[in-house]
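Rule-based calculations on the coordinates, nothing more; no lab input. Quick caveat, the model's predicted, so the values are computed rather than measured. Here the Cβ positions follow ideal geometry from the backbone for every residue, glycine too, while neighbour counts run over all protein chains shown.
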Amino acid sequence: MCSTGKELALLQQDAYNWRLKEAQAAKEKGNAAQQAEETGLVDEKKLREAVFSYQRGCMYLAEYLPETTDGGEENLQDILVSRQRRARRCPLDEKRLAEVVDLYAALQKNLALVNYRLRRYAKGVECATAALALPGRAHDKKALLRRALCNYSLTDFVAAEADLDTLERLYNEESAPLDPGVPELRCKILTARREALQKERSMCKKMFA
């Protein structure tokens, strides 16, 4: 017998509550692993455990995120998968959608930080960008700073400075004290640029001596 609309709604609600609970538990487990690592020397095993937990949390929430495509799936399989996801998804009101977005953003920002500490800088940029791409999250300060840190480590100073410019503008608009990490990273970029210029000049002198 087919489930009635009411029964389906209850099943969808139960699934939503379970996924949200599991995602929150995964976040807390990841935080615990990262905090345990912070008490001593860098423990890559603990950091990898944190990455696994945060990624697990993201997987629980993924199907509730707003669609990122305009409906132009590439092939029939993509269309069928997309329709199947929409069919089983619990319709979210504004409050529930905000819960999902907030938790997913937190997980992605934590992933950006852990990947930075693991020296997986490109992955850190990817995770921070995923957080910033969420509805209403384009000005997330933690995500912007963590992406800037990762881009700095990749020696993409232009991209790092672009995020720092955005951060300075946001803090200025809010008349709020600037995060100390912003001028600190500015200083690191300036030092790195000077060192690169000095190295280039030194090489030129050797070439034409």
Viscosity 1.002 mPa s, 20 °C: Kirkwood-radius Stokes-Einstein D of the range 88-209 over Cα pairs, µm²/s: 133
Order of Tyr54, Tyr121, Tyr104, Tyr171 under a 10 Å beta carbon neighbour criterion, fewest first: Tyr171, Tyr121, Tyr104, Tyr54
Neighbourhood net charge (12 Å Cβ-Cβ; Lys/Arg +1, Asp/Glu -1) for Ala23: 0
Highest-first arrangement of 56-63, 111-118, 129-136, where packing means the average Cβ count within 10 Å: 111-118, 56-63, 129-136
Length-normalised contact order of the range 106-209 in % [C-alpha pairs under 8 Å, at least 6 apart]: 19
Given Lys109/Lys188; Lys45/Lys141; Lys45/Lys95; Lys46/Lys95, the pairs whose alpha carbons are separated by over 26 Å: Lys45/Lys141; Lys45/Lys95; Lys46/Lys95
Rg/Rg_ref, the range 139-209, where Rg_ref = 2.2 N^0.38 Å and atoms are Cα: 1.38
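Taking R0 as 25 Å, what FRET efficiency do you get between Asn31 and Ala162 from their Cβ-Cβ distance, rounded to the nearest 0.05?
In this case the efficiency is close to 0.30.
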